[in-house]
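S.K.: There's a structure below that I have some questions on.
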Amino acid sequence: MVYLNCIYTKTGDAGETSLGDGRRVLKTDPRIGAYGTVDELNSVLGCVIAAGPSAEMIRILTRIQNDLFDVGADLCIPESDEPLTYTPLRVTSTQVTQLERWIDAATAKLEPLTSFILPGGSMVAAQLHVARTVCRRSEIEVLRLVQVERVNSEVVIYLNRLSDLLFVLARCANDDGKNDVLWIPGAHRDGSGSDSA
């Protein structure tokens, strides 16, 4: 159980914060950047839900929001060979497999892609594309951390699959891909189709 009795603690006023194991680090530490971006992604998913997707998509996204707290909990406690007095919460392959199931089920309903698509369409689709890009950035931040510290490999895999799922869900939110906005390569290089007055 988590208890938050006082939101401000004043312990971070000098630019430091505590990890889940109690160790103090600078707020610029790559581990803080990694799980901070996961928190940003979770907030963006809250905006997606507020935009009014289908009940089924809300169910999926709410479960993912919960999983992202697991990701953050995993990242805030560094992997260690030292014995701990508790079992840290770690992301599992089962959580990744669930993402893959959702991707497969959604993809089966989609129109085939004939081009890359532009982020947009419906409000929900546009918000999902924002979430997808934040997820990619979150994955990159975790990979930066991997270069200097040990990280549960399932965290990286989870974020990689999640960005794929968010792309597929964005297409679902555009009437299963029927209202996707397609990229037309080089469409305006020669000035044709110009909207200038």
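The values are calculated or read from the model by the stated rules, or taken from the named source; none is laboratory data. Computed from a predicted model, the values in this text were never measured in an experiment. All Cβ positions, glycine included, derive from the backbone under ideal geometry; neighbour counts span all protein chains shown.
S.K.: Going residue by residue through segment 157-174, is there one that turns out to be more than 29 Å from I32 (Cα to Cα) and not hydrophobic (A, V, I, L, M, F, W, C)?
M.R.: yes
S.K.: Would you be able to say whether some residue in segment 19-29 is closer than 21 Å to I140 by Cα and either part of a helix (DSSP H, G or I) or modelled with pLDDT of 85 or more (or both)?
M.R.: We begin by selecting, within segment 19-29, every residue closer than 21 Å to I140 by Cα; these are 19, 25-29.
Narrowing further to those that are either part of a helix (DSSP H, G or I) or modelled with pLDDT of 85 or more (or both): none.
No, every residue in segment 19-29 fails to be closer than 21 Å to I140 by Cα and either part of a helix (DSSP H, G or I) or modelled with pLDDT of 85 or more (or both).
S.K.: Identify, by number, the condition in (1) in contact (Cβ under 8 Å) with a residue 60 or more places away in the chain; (2) surrounded by fewer than 22 Cβ atoms within 10 Å (Cβ to Cβ) that L169 doesn't meet.
M.R.: Status for L169: all satisfied but (2).
S.K.: Next question, about the same structure. For the condition hydrophobic (A, V, I, L, M, F, W, C), modelled with pLDDT under 85 and in a helix (DSSP H, G or I), what is the one hit in I32, I58, I64?
M.R.: Of I32, I58, I64, the one residue that is hydrophobic (A, V, I, L, M, F, W, C), modelled with pLDDT under 85 and in a helix (DSSP H, G or I) is I32.
S.K.: Which condition does V91 not pass, out of (1) crowded, with 16+ Cβ neighbours inside 10 Å; (2) closer than 19 Å to D164 by Cβ; (3) modelled with pLDDT of 95 or more, if it passes all the others?
M.R.: Going through (1) crowded, with 16+ Cβ neighbours inside 10 Å; (2) closer than 19 Å to D164 by Cβ; (3) modelled with pLDDT of 95 or more one by one, V91 breaks only (3).
S.K.: I'd like to know if segment 100-114 contains one or more residues that are at pLDDT below 95 and either part of a helix (DSSP H, G or I) or acidic (D, E) (or both).
M.R.: So far as segment 100-114 goes, yes, one or more of its residues are at pLDDT below 95 and either part of a helix (DSSP H, G or I) or acidic (D, E) (or both).
S.K.: Here is a follow-up. Going by the conditions given, is L165 out of contact with any strand residue (DSSP E or B) (no Cβ under 9 Å at 6 or more places or on another chain), at pLDDT 95 or above and either of a type in the set (V, I, T) or more than 15 Å from L45 (Cβ to Cβ) (or both)?
M.R.: Considered against the rule, which asks whether it is out of contact with any strand residue (DSSP E or B) (no Cβ under 9 Å at 6 or more places or on another chain), at pLDDT 95 or above and either of a type in the set (V, I, T) or more than 15 Å from L45 (Cβ to Cβ) (or both), L165 comes out as no.
S.K.: Of all residues being under 14 Å from the mean Cα position of the chain (by Cα) and crowded, with 20+ Cβ neighbours inside 10 Å in segment 140-155, which is nearest to T94 (Cα to Cα)? Just the residue, please.
M.R.: V155
S.K.: For segment 137-162, which positions are over 21 Å from C47 (Cβ atoms), part of a helix (DSSP H, G or I), in contact (Cβ under 8 Å) with a residue 12 or more places away in the chain and of a type in the set (S, T, N, Q)?
M.R.: N160
S.K.: If I filter segment 156-166 for residues that are surrounded by fewer than 14 Cβ atoms within 10 Å (Cβ to Cβ) and more than 16 Å from T107 (Cα to Cα), do I get at least one hit?
M.R.: No: zero hits.
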